[in-house]
Every structure is written in structure tokens, then in C-alpha cells.
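Only one structure is covered here, and it is reproduced in the block below.
The values are calculated or read from the model by the stated rules, or taken from the named source; none is laboratory data. It should be emphasised that the depicted structure is a prediction, and the values quoted were computed from it without experimental measurement. Each accessible area value is taken on the protein alone, full model and side chains, heavy atoms only, with ligands, DNA and RNA left out. Shrake-Rupley method; radii C 1.70, N 1.55, O 1.52, S 1.80 Å.
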Amino acid sequence: MRRERLILSQHASLIRRSERTPFRFRVDLGISHKRRRSLLARRVVVFAVVVAGCSAAATTRSVPSTTASGGTPISVLTGIHKIKHVVIIMQENRSFDSYFGTYPGADGLSRTSSGQFVTCVPDPKGGCVRPFHDPSLINSGGPHGQYVAKLDIHNGKMDGFVRSAEIKPKSCVGNNDPACSGGAPQRVMGYHDAREIPNYWRYASKYVLQDRLFEPNASWSLPQHLFMVSGWSATCARAGAAESCRSALQRPDNPPDYARLHGTKSPTAPNYAWTDLTYLLKKNRVSWGYYVAKGTEPDCENDATACATKPQSARTPGIWNPLPWFTTVQNDHQVGNVQDSTNFFAAAQVGELPAVSWVIPSGPNSEHPPSSIAQGQAWTTKVINAVMRSKDWASTAIFLSWDDWGGFYDHVAPPVVDANGYGLRVPGVLISPYARKGYIDHQTLSHDAYLKFIEDVFLNAARIDPAVDGRADPRPSVRENASLLGDLSKEFDFNQAPQPPVILSEHPPPGPASG
């Protein structure tokens, strides 16, 4: 009994030290304050030799295995609670077919028995254009706003891509303007494979590829990044008033940098007053970080490949960095959680990643046309390698995706979930020691599924739901609860031996052609 009391005392001391640690730097165990206290109480029961009915999130096993950060053996956790760190890497502007349309076993581009692609998308200038292998590392893409999404989808025919790319925009300001289109319209039908993106295909073969992952909204980058952290894109009539917000798929308030490009000389700060995920994370003492790569902003002064650039950092809120403008983030005094990406690498190196991380590139590393996809792949590989070299790897799930389709062809019509989406299909890969090896997930997913997974792991399945979360924003639906939204936990096998890290070169040689 003396030994049990000593262990219990040490465990309580560990909890007290964790609670005294400054929130921003605390390595969260992925459970709330109440659950930590509950876990401590259950230890008492275990020491007294009690029962079944122990929480699934804290079932002990006889032999401890790898230890995650914070000193907690992963073996004492089961199911999704073996995941203590979720990392979301969000790259830019690629459709699923443009990156994985020829990946074996995926719902990709169909061929005839002679090897010719079945699809041939009409070209208003004459004839039609079939998918083709594009060896270029720099692509032009096409327009990709809300209006163009409807043209591309064309009532489910998925044949408007070339026509959209040939529309001369009324205005085109900056490479990241969704109205812009690059050079030859036919290039939107081009696809890549392991010859250009060998690391992405290697991750898919080692871990999980998602072939029915849709952008959460049928629009461009800013609305998607708002959905990514909040499940909604809106405009709000009154500063800080969540109840005054209304859906805005194409034109939420522009950040100042983007507003200036569109002619507003003295723009006001955006008013993102609705509820975002960090509000729930803060309430439940779950640590988070939004890491922005220092470099250049995605917005340029013209639509040329080479353009005058502006500096980007964690202190320059923009269309890929909207959290500093959220009322909740400001009121919770957590603007400082938006940090330079160097802090992510530093935290990974010492095994102190927060529970939730978003990692955002700068323009040249983003894969947003006309940025090089090789440079973007190198950046992504660097981020993944940093996690894999960390002791946090043992308890991490990395979700890699692209924010919207960028005008590139995809053959799958998006399902209807509510008035706000879904948008077109984008690539998605899960990378984790517990990912089902070489698995292709055919569930219907969107980036809303990332919110749902985080909430299930760290928040006891609490949702961004105005009916219960204490902030009455009038969002049209709770996206995480959509009946057709799949469950990311099915992509894991928590009974398998954890997969080892796969450290890849940031500059790999080309892989083989895809059939």
C-alpha cells in the first residue's frame, strides 16, 4: 500500500506541474482538465484492484511500450487516444486527379482497353481534351472561385474545366486571385505521378490515401482556410457579434493585404466573429499552434510568374493566416499561438508539439500555381521528416491535403451536404505510426473531418455547435455531424505494431511512370 500511495503522489505531482506550465508551451496529453482528474481517480481504483468499466482511453496493459511526450506510455491508452498530436499540413490548389488520378486502386482516371483515357472534356474552341501526363513542375491552373466551381461541375457532368480556363476574367489581381487563369487552358487537364511527386506517392503507398476527400466549400483559398479552422465562412455585420454573421462562400471579409490588392486604400480589419475550433480547445485546455512559414505572401502585384512580392510571417495575417482576426482568438489572448514555422521545427525536435498544429507554407513552397511542385514537395517533406525524427512521432497523426482544386480537372462530382458545400475533390494523405499501411480510404470526407477527428480525440466529441458551445452564431449546420461525412478513425489500426518513420529526401529522384 505504501508503494501505491507513493506512485499516486508522484502522478498527482506530475499533473500539478503540468497545470503550472504556461499554456502556450505545455505539452498537452490530449485530454481535458476534468479527464486528467478522472484519470487520476481511476488510478486509485486500479491500485485497489477494481474492475471492468475502466475508461477505454486509459486501459492499462501489462507491458509498457514506446513513451510519448509528457512521459505517458502509449500502451496505457487505446483507440484514437493513442493520438496525442494532430498535425495538419495544408498545401495549395490541386485536384485529386491532377496528383493521384493514375494511382493504382484509387478512384481515378479511367482508360479504355487500348490505354486511352475515357474522359474527353469539351473545348469551346473545338474538339475536346483528354487527361495527359504533364512533366512540368510549374503549372498554370485555372480560375477557381464559387462561380467557376459551378461551371466546372456542370450539374455533375464534370466537363467545364477547359471552358472555365478560357474565360477571360474581368479582373485578375495577384497569383492567388481565384479569377485568374494561367497560360494554355488545356493545361488544366494535365496530371502528375511519381515522376514529379515521388514522395507524395511514397507516403500514399506506406500510409493512407483518401480518394473521396472534398474541399469543404465550393470556392477558393480564403473561405477554405476559414472552414479549416471553424467549419464556416461568413461575413458579420457587427464587430465581435457572432449572431450577426451570415454565410459567405466567395466574399468573406478580405484581410488587409488582399483588400489592398483589390483597390481598398485603407482597409479595415476583418470581422471573423463566429466560433472557431480554438475556442473549444482553449476551454478544454488543449494546446494548439498555427505555424506560418516566413517568406513571401501568396498575393502578388500582377498575374505574371515573376512578380513583386511582400514579406509573410506569423505577424502578417492573410488569406492563409486568418486566425488572428477571429474574435475568439483575440478574446482568449491566443494570437501569440500563431507563430513562425521555425517554432514548429523547434518543438518537434525536443518532443513538445502542441496537441493540434496547422502548418502553412509561404507562396514559393505552397504548390499554388505558378510555384514549383518540387519546391512544395520539398517543404512538405521537411515538415513530415521533422515529426518523424521527433519522439512525438509515436503519438502523431499527420493529415496532408490541398486547400482547393485550383481549376485542375477532377472527374468526381461533389456530393451535396448543405448550402455551403462540398467543393471539388482534393488529394489527402494520412501519415501516422497507426495508419493502415497502403490503405485507400473510399469514405466521403472533407476537411470538416479533420475538425471532427480533433474533437473526438481531444474534446470528447464536442462540436462547434451554437446550440451548446455558448456562442450563438447562425451557421446553417454543424458540419462535423453531417450524415455523409466519414470517420477518419477507420484509417487507423491501433492494434498493429506502430509503423516506423520513413525519412525521405527533400529532393528525390523521379519515380516510375504510372502505367
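Post the alpha-carbon centroid distance, the range 458-483 to the range 391-410, in whole angstrom. First find each Cα centre; the distance between them is then 23 Å. Principal axis extents of the Cα atoms in the range 402-444, from largest to smallest and rounded to whole angstrom, are 36, 23, 17.
Set the bar at 31 Å for Cα to Cα. Now go through Lys206/Lys282; Lys282/Lys382; Lys294/Lys391 and name every pair that lies beyond it. Too far apart for the 31 Å limit: Lys206/Lys282.
So what is the diffusion coefficient of the range 313-459 in µm² per second by Stokes-Einstein at 4 °C and 1.567 mPa s, using a Kirkwood Rh over Cα pairs? Could you put the intermediate results ahead of the total?
Numbers: Rh = 17.3 Å.
Translational D for this selection: 75 µm²/s.
Mind ranking Lys391, Lys382, Lys125, Lys84 by accessible surface for me, highest first, 1.4 Å probe?
Most to least solvent-accessible, the answer reads Lys125, Lys391, Lys382, Lys84.
Both numbers refer to the Cα atoms of the range 180-253; Rg and Dmax are 17.9, 51 Å.
Along its first, second and third principal axes, ordered by size, the range 387-515 spans 50, 37, 24 Å in Cα coordinates. 3J(HN,Hα) along the range 342-348: 4, 5, 5, 5, 5, 5, 4 Hz, from the Karplus curve 6.51 cos²θ - 1.76 cosθ + 1.60 with θ = phi - 60°, whole Hz, x for Gly and Pro.
What the phi angles of the range 377-389 give under the Karplus curve with 6.51, -1.76 and 1.60, with θ = phi - 60°, is a coupling list of 4, 4, 4, 4, 4, 4, 5, 5, 4, 4, 5, 5, 7 Hz, glycine and proline written as x.
Please report, as a whole percent, how much of the solvent-accessible surface of the range 358-405 comes from carbon and sulfur atoms (probe radius 1.4 Å). Please report the intermediate quantities before stating the final value.
On the way: 410 of 810 Å².
The nonpolar share, carbon plus sulfur, comes to 50 percent.
Which whole number in µm²/s is D for the range 75-156 by Stokes-Einstein, with the Kirkwood Rh taken over Cα pairs at 37 °C and 0.692 mPa s?
On the way: Rh = 16.7 Å.
Answer from the Stokes-Einstein relation: 196 µm²/s.
Amide H contacts under 5 Å for Ala293: Ser341, Ile360, Ser362, restricted to partners 5 or more places along the chain or on a different chain, H placed in the peptide plane at 1.01 Å from N.
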